[in-house]
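The values are calculated or read from the model by the stated rules, or taken from the named source; none is laboratory data. Since the structure is predicted, the reported quantities are computational estimates derived from the model, not experimental observations. Cβ placement follows ideal geometry from the backbone for every residue including glycine, while neighbour counts extend to all protein chains displayed. Quick note on the areas: whole protein, heavy atoms, side chains included, nothing else; ligands and nucleic acids left out. Shrake-Rupley method; radii C 1.70, N 1.55, O 1.52, S 1.80 Å.
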Amino acid sequence: GIQVEQSPPDLILQEGANSTLRCNFSDSVNNLQWFHQNPWGQLINLFYIPSGTKQNGRLSATTVATERYSLLYISSSQTTDSGVYFCAVGSGAAGNKLTFGGGTRVLVKP
Amino acid sequence: GAVVSQHPSWVICKSGTSVKIECRSLDFQATTMFWYRQFPKQSLMLMATSNEGSKATYEQGVEKDKFLINHASLTLSTLTVTSAHPEDSSFYICSARDRKYEQYFGPGTRLTVT
């Protein structure tokens, strides 16, 4: 099956700093989503981005499908950005089945 | 955005009993729902795909007789953990897929088996 690797595994930021999270995947995909899991376990949809670039406030994401990676940018980080960020991909006829990466655990310090 | 609910949010049960978890898409119809399991400080692992009106498709290594899935309508899927044991204690999360393949997740159910 498809492999998904996220880096870095852990990230500590000072409030106000910018950061880039990376997601590499091993095969062609037709579905890619970024999520933020809050301390209560809820996964919040950030981006549905199988290709291209999107922005939503302080967050933006870029997927380069031909090179099999996606990037999530967090600008001017806030303490509420703390949590785990997951990248998940789907491919082929079962593009709706998501395979999750290991996640990046982010801690933003005040 | 699309909203998915789960009930209960947490449950404690005794070993040997069964527990049913409900997953509902509140503002859209979902022909396909998914069930995941997450252990502490780990990623999500897909357990099964639930299709409305047909049998669920289980991932390799998931016991279909232990984790019964029913997708009775376009807005409801249920997961029943039968004869639960302490090793079944985990965080169970469902998701529902919209027409564009984007998945939306429920808040999860924390199961503790004593």
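Numbers for the structure displayed
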item: Filter result for A:N38 (within 14 Å of another protein chain (Cβ to nearest Cβ) and more than 16 Å from A:V106 (Cα to Cα)); result: no
item: A:G103, sole failed condition from (1) open to solvent by 20 Å² or more (accessible area, probe 1.4 Å); (2) under 16 Å from the mean Cα position of the chain (by Cα); (3) within 14 Å of another protein chain (Cβ to nearest Cβ); result: (1)
item: Matching residues in the range A:61-72 - criterion: being open to solvent by 80 Å² or more (accessible area, probe 1.4 Å) and either closer than 11 Å to A:T20 by Cβ or touching a strand residue (DSSP E or B) at 6+ places or on another chain (Cβ under 8 Å) (or both); result: A:R68
item: Complete set of residues in the range A:1-45 that are hydroxyl-bearing (S, T, Y), open to solvent by 50 Å² or more (accessible area, probe 1.4 Å) and more than 10 Å from the chain's Cα centre (by Cα); result: A:S26, A:S28
item: Residue tally, condition hydroxyl-bearing (S, T, Y) and either assigned to a strand (DSSP E or B) or under 20 Å from A:N96 (Cα atoms) (or both), over the range A:48-85; result: 11
item: One residue from A:S76, A:S60 being in contact with a Lys or Arg (Cβ under 7 Å, 6 or more places away or on another chain) and touching a residue at least 60 places away in the same chain (Cβ under 8 Å); result: A:S76
item: All positions within the range B:61-74 that are surrounded by 19 or more Cβ atoms within 10 Å (Cβ to Cβ) and either of a type in the set (K, R) or under 30 Å from A:P50 (Cα atoms) (or both); result: B:I69, B:H71
item: All positions within the range A:73-90 that are more than 8 Å from chain B (Cβ to nearest Cβ), over 11 Å from the mean Cα position of the chain (by Cα), farther than 14 Å from A:P39 by Cβ and buried (at least 20 other Cβ atoms within 10 Å of the Cβ); result: A:S77
item: Qualifying residue in the range B:53-60 (condition: of a type in the set (A, V, I, L, M, F, W, C), in contact (Cβ under 8 Å) with a residue 60 or more places away in the chain and buried (at least 16 other Cβ atoms within 10 Å of the Cβ)); result: no
item: Verdict on B:T80 being away from chain A (no Cβ under 14 Å) and touching a residue at least 24 places away in the same chain (Cβ under 8 Å); result: yes
item: Number of the exception - B:M33 against (1) part of a loop (DSSP other than H, G, I, E, B); (2) modelled with pLDDT under 95; result: (1)
item: Residue within the range A:88-99 that is in a helix (DSSP H, G or I) and without any contact (Cβ under 8 Å) to a residue 24 or more places away in the chain present; result: yes
item: Scope the range B:17-30; condition more than 23 Å from A:I44 (Cα to Cα) and either open to solvent by 80 Å² or more (accessible area, probe 1.4 Å) or outside any strand (DSSP E or B) (or both); matching residues; result: B:T17, B:S18, B:K20
item: Selection from the range B:84-111 of residues that are surrounded by 13 or more Cβ atoms within 10 Å (Cβ to Cβ) and more than 14 Å from every other protein chain (Cβ to nearest Cβ); result: B:A84, B:D88, B:S89
item: Residue check, A:V29 closer than 18 Å to B:Q103 by Cα, touching a Pro at 6+ places or on another chain (Cβ under 9 Å) and among the hydrophobic types (A, V, I, L, M, F, W, C); result: yes
